[in-house]
Amino acid sequence: MFRNTKKSVLFVRLGSMVLLIAMVASLISSKASAAATTLGAAAALSGRYFGTAISNGKLGDSAYTTLAAREFNMVTPENELKIDATEPQQNVFSFTAGDSILNWATSHGMKMRGHTLAWHSQQPSWMQSLTGTALRNAMINHIQKVMAHYVGKLAAWDVVNEAYADDGTQNRRQSNLQATGNDWIEVAFRTADAVEPGVRLCYNDYNIENWSAAKTQGVYNMVKDFKARGVPIDCVGFQTHFTGGSSLPSNFQTTLSSFAALGVDVALTEVDVTQANTTQYAGLTQACVNVARCIGITVWGVRDSDSWRSGEAPLLFDGSGNKKAAYTSVLNVLNSVGGGTPQPTATNTTAPTRTNTPIVGATATRTSTPVIDATPVRTNTPVATTSGGACSPVTSTVTAPFTFDGAGTFCWQIATVPSYVNNWNNNAVSINGTNYTNIYVGSSSLPAKINGFYYISYNGSFAWSHIEVR
Ligand code: G3I
């Protein structure tokens, strides 16, 4: 009896050990099998996407489509949603090629980024010949019509592409769009937000990966200003074309995290690297996965032979569709972050909606009686306006400093009579203590009224003549 009891205890112990070994073995094997074997699946392990540029003309190439559908879960049309493709003649729109890519993407469970609504390049000839108000209105109409066609169907839009200069300054690029007024980017984003507030609205540019570069700082300051003033922007796309002397900067992660700290998502949107250098590919992937708000990576083409610079073999697959060393380096980084815990892919591919109203803190208590300044002294003679160019129609002309209690839109210009200066830079206009650099201030971006009035003053160095209110 005693011996039998000992025997059964022994059996129970042996059984437990076998069970334990089996559990450990199954844990090890499930950990090993959690490493993903495609770029899209590996990125999804940490809730990110991995995308590629797709060309509609190649959707008939089964080697191309099979490879793309296997590896990626995000698509950007390489050329099909550019302005010349979607609006070849003014107000005549063509979505056939874009729709074709979208259908292909959705039928393979992939999402799509829209590229791009406002850009100095790839403009149809009719747009290139426009200037001033006509061009501004054409841009607005283009954004409205193209976005309306794709409402609810895309994960993001590159609203504005490549608006900053490459001259070692923080300046905007000279272009016909820039010549319509410094506020063109802001207007593009506000227009886009009015059409579809729920889609991610992105600014996209190249050579802004290096945190020390003036161009990077120029874009950073614009995004910072937009966030401070409530201009609707959701993300910044870093094209990440490492070519022609440009290579992975050691501070790329600093750049991504600095932008993310402004309250925008960041993404690598057009990656390619000369000769597909493995260190740079691994490094750029690591920079993204180290930043929580870096939502995904897109390479600019599938195989080297599909690249816009195929001579540099800059992609992850060779012309025959074979995985290159850079592919493995990217996959390994993605898998190392995933930690073997699959995350749902779809959760962060849709833009957050701006549904909540910011909570205003406690009301400030006035501790001293405000002193009303002396009446402003007019130092030059106001010039009656006829037409304000982009400011027309003019409903009222006033002289600064002045107060105004109306709703609506301010539109101002300074005149060095008789020619108008279309830009008030250097924060020349102040409305209730907020400085503005733009010609127009829409009602949505005006500061709060003080005692029911806007107090407007002009601090610039030009001789001012008037402010127009429409
Ligand atoms: O489709 C026409 C074809 O019908 C014609 O015979 C041929 C003759 O040149 O041109 C073809 O169009 C070309 C198109 O690519 C499709 O291959 C255009 O000329 C050519 O300019 C266009 O180049 C594109 C370039 O943007 C300009 O828009 C590249 O494919 C595309 O990869 C490249 O992508 C840009 C991003 O949009 C923005 N960031 C930089 C990136 C690289 O330049």
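Taken together, the values in this text are just the output of simple stated rules run on the coordinates, not laboratory data. Predicted model only: the values in this text are computed from it and were never measured. With ideal geometry, Cβ positions are generated from the backbone for all residues, glycine too; neighbour counts draw on all protein chains shown.
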### Task
Take the residues in the stretch 124-144 that are in contact (Cβ under 8 Å) with a residue 24 or more places away in the chain and more than 15 Å from Val187 (Cα to Cα), then tell me which one is nearest to the ligand (Cβ to nearest atom).
Pro124
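Check the stretch 187-198 and report whether any residue there is out of contact with any strand residue (DSSP E or B) (no Cβ under 9 Å at 6 or more places or on another chain), closer than 16 Å to Ile143 by Cα and of a type in the set (D, E, K, R).
In the first step, residues of the stretch 187-198 are kept if they are out of contact with any strand residue (DSSP E or B) (no Cβ under 9 Å at 6 or more places or on another chain); the result is 190, 194-195, 197-198.
Going one step further and asking which of them are closer than 16 Å to Ile143 by Cα, we end up with 190, 194-195, 197-198.
If we keep only those that are of a type in the set (D, E, K, R) too, we end up with 190.
The answer is yes, given that some residue of the stretch 187-198 is out of contact with any strand residue (DSSP E or B) (no Cβ under 9 Å at 6 or more places or on another chain), closer than 16 Å to Ile143 by Cα and of a type in the set (D, E, K, R).
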### Task
Determine which member of the set Gly237, Gly263, Gly218, Gly230 is under 22 Å from Ala156 (Cα atoms) and more than 14 Å from the chain's Cα centre (by Cα).
Gly230
### Message
One residue is enough: does the stretch 46-64 have a residue meeting the conditions within 16 Å of the ligand (Cβ to nearest atom), of a type in the set (A, V, I, L, M), farther than 30 Å from Ile140 by Cβ and touching a Phe, Trp or Tyr at 6+ places or on another chain (Cβ under 6 Å)?
### Response
yes
### Message
Condition first: of a type outside the set (D, E, K, R), within 16 Å of the ligand (Cβ to nearest atom), in a loop (DSSP other than H, G, I, E, B) and surrounded by fewer than 23 Cβ atoms within 10 Å (Cβ to Cβ). Now tell me which residues in the stretch 80-123 satisfy that.
### Response
Pro88, Ser94, His120, Ser121, Gln122
### Query
Restricting the search to the stretch 285-302, which residues are among the aliphatic types (A, V, I, L, M) and more than 16 Å from the ligand (Cβ to nearest atom)?
Ala287, Val289, Val291, Ala292, Ile295
### Message
Criterion first (more than 16 Å from the ligand (Cβ to nearest atom) and farther than 23 Å from Ala34 by Cα) does Ala276 satisfy it?
### Response
yes
### Query
Hey, does the stretch 206-218 have a residue that's under 21 Å from Ala292 (Cα atoms) and touching a Phe, Trp or Tyr at 6+ places or on another chain (Cβ under 7 Å)?
yes
